[in-house]
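These notes are about the structure you will find just below.
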Amino acid sequence: MSWVSRITATAGRGAVRLVPADRRDWAEAVWAEAHEAPAGWPRLAWRAGGLGLIVKEGQMARTIGSWLLFALTAGAAAWGAWPGSPVSHGAAIQGGIIITLALLAGLPLLARLWLGPPESRAARWLRAGFSAAILALLPIQAAIGLFVGTVPRSGINRHTFDIAIGSGIPGSSSGGPDWGGEIAILIFTACYLAAVLALTARRTPVAPATLVIAAGAGLVLGIVMYAVAPAGLNFRYPYRPGLHGSAAETFVILAWILVFSAPAIAGAIAGRRCHVPDDAVEATAARAWQGFGAGAVSGGVGAVVVTVLGSGTTALLVKSAWVRDWFYHGQHVTASAVYGRELYASQNVQGYLLLAVGFPIIGLIMGVLGAGVTSPAPGLPPGGGRQADAGELTPVC
Amino acid sequence: MGSRSEFSPQTLAVLMALGGQPSEWQHGYALARETGLKSGTLYPILIRLADRGLVEACWQDEPVPGRPRRHLYRLTADGLASATTALAEAELAAAERTASMARPGADLRRRRGVAAPAVP
């Protein structure tokens, strides 16, 4: 019993440091009082209660749950994306997967040190959503890469491959490790993740309400864009199997309008909802921050939604017969034509990168403009966001 | 019918223990023994009461040789007022329950909306 008691005492003293500073006295108090309890089971039970308090006050249950969920999802994504032996450029993909997971695990910790943790539920959900999207893209990217890189053995498919990609050894994977492409995607992922972490951190004056509004606008933008470009993005030869004739034109026009108007509207609403300080300069800065956040987040969410949905559809097209049947329903398409379309769709997936760069930039410009042309709603009580940190240029949103 | 107390029975027990000697500082283990609560229940209650300004806490000034300093608690003025009110309400509610149980079928009639028979 004495060794169990010693272990719990040591574990408890160490665990007390995990409790936030304003609650640490309480956890230490339980440990101090343990000396009053009779030795043996009563003292052990007292300390067990103290550990429960530490878990609760340190919000460790949520933290442990989040990390477990991340570990499970990341493991599943890595397992799905891990290249098999026939892939000659497997080392680059493996490196990419490992570094992506390290970024997803490490950058939030760095962001917490520099900018503080996410304080609102909206901020946490947004971070989780972006992380989930990045994880989902790992197996999607791997499936598409494998399809594009595998040279058909013979026949018309081989001919199509030669035209689209170039010659290669039949039945093998084409090309060597694409380190350049992998590094570019990693830098891009790191920038995206850093931007999301910064916009959702405590010390950034973007209100939770702004994040919710922007995410909603981005979701609409992403879904409309997906309807316009469901299997890769190609401006010269757009392929929209779900839309025909005037419906397709209407959606294209709607998508163009939304690219500019969704972040502008999100910025305007966020700027109007924000209860700004009396000082004119601070008020302008506060509204600009909401517009900036709303625009960047709506553009980013839109780009990520269309990228995940469109790339996912393309990956399923090349992997699943039932998705092909559903996609080409009612069309008389030969097997070789299907292969050709899938090959071009797989290449056109890179077009989503354009959206991933362009949407947030357009978004933040339009968001700031949208917030700039609105005036705050009169008499709005604080509640659209969180209280400002002392000494920072922060709206009371 | 008595109003429902804003405190749980466990919290009322803690308030009652602290209210017994409102001017005295008490420590956690003594409170646990008096209320019969375990540390995992007692301390969250004390934390909530302290957050609401009903309990004040401090560390013992003079450490006793051979054991760590203790954390001490007592009711604030607001806490004493709240405790007095809550305990009075709890007593009233308990008395009403006892009276209601003493009248067979009264509770059932009240739930069905049937008036009680006139007492001759």
In Å and from the alpha-carbon atoms only, list the Rg and Dmax of region A:53-135. 15.5, 53
Can you sort A:VAL357, A:VAL224, A:VAL281, A:VAL304 from fewest to most other Cβ atoms within 10 Å of each residue's own Cβ? A:VAL281, A:VAL357, A:VAL224, A:VAL304
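What number results when the radius of gyration of region A:329-378, computed over Cα atoms, is divided by 2.2 N^0.38 Å?
Working: Rg = 20.6 Å, N = 50, 2.2 N^0.38 = 9.7 Å.
Expressed relative to 2.2 N^0.38 Å, the Cα Rg reads 2.12.
I need the calculated FRET efficiency for the pair A:SER261 and A:ALA128, taking r as the beta carbon distance and R₀ as 22 Å, to the nearest 0.05. Write down the numbers at each step before the final one.
On the way: r = 27 Å, r/R0 = 1.24.
It comes out at approximately 0.20.
Taking every residue in A:31-38, how many Cβ atoms of other protein chains lie within 10 Å of its Cβ, on average? The partial results should precede the final answer.
Numbers: counts 3, 11, 13, 5, 6, 8, 4, 0.
If you average over the peptide's residues, the count of other-chain Cβ atoms is 6.
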Report the normalised scattering of region A:1-65 as log10 I(q)/I(0) at q = 0.12, 0.18, 0.26 Å⁻¹, calculated by the Debye formula with identical scatterers on the alpha carbons. -0.28, -0.59, -1.08
Net charge near A:ALA111, counting Lys/Arg +1 and Asp/Glu -1 over other residues with Cβ under 15 Å of its Cβ? +4
At B:ASP61 and A:ARG240, where each label point lies 7 Å from the Cα along Cα→Cβ, what is the point-to-point distance in nanometres? 8.0
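Within 10 Å of each Cβ of A:332-339, how many other protein chain Cβ atoms are there on average?
On the way: counts 0, 0, 0, 0, 0, 0, 0, 0.
Shielding by partners across A:332-339 averages 0.
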Mind checking region B:1-64 for chymotrypsin sites (Phe, Trp or Tyr not before Pro) that DSSP puts in a loop (not H, G, I, E or B) and that have at most 15 other Cβ atoms within 10 Å? B:TRP25
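Starting from the coordinates of the alpha-carbon atoms of region B:7-77, obtain the Kirkwood hydrodynamic radius over all distinct pairs and give the value in Å to one decimal. Please list the in-between numbers first.
Numbers: mean 1/r = 0.0810 Å⁻¹.
The answer is 12.4 Å.
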Using a cut-off of 10 Å between beta-carbons, work out the net charge of the residues near A:LEU197 (Lys and Arg +1, Asp and Glu -1, A:LEU197 not included). +2
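In square nanometres, what is the average projected area of the Cα convex hull of region A:1-145?
Details: hull surface 47.4 nm².
If I average the Cα hull's projected area over directions, I get 11.8 nm².
How many Å³ per residue does the convex hull of the Cα positions in chain A occupy? Let's see the in-between values first.
Details: hull volume 72.5 nm³, N = 397.
That works out to 183 Å³ per residue.
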Just A:GLY181, A:GLY155, A:GLY75 to compare: in a GNM of chain A, with alpha carbon springs under 10 Å, which one fluctuates most? A:GLY155
Expected sort for A:TRP3, A:TRP26 with the fewest Cβ neighbours (10 Å cutoff) up front is A:TRP3, A:TRP26
Total formal charge among the other residues, if their Cβ is under 15 angstrom from that of A:GLY367, Lys/Arg +1 and Asp/Glu -1: +3
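Just so you know, all these numbers are worked out from the coordinates, no wet-lab data involved. Note that this is a predicted model, so its numbers are computed, not measured. Using ideal geometry, Cβ is built from the backbone for each residue, glycine included, and neighbour counts are taken over all protein chains shown.
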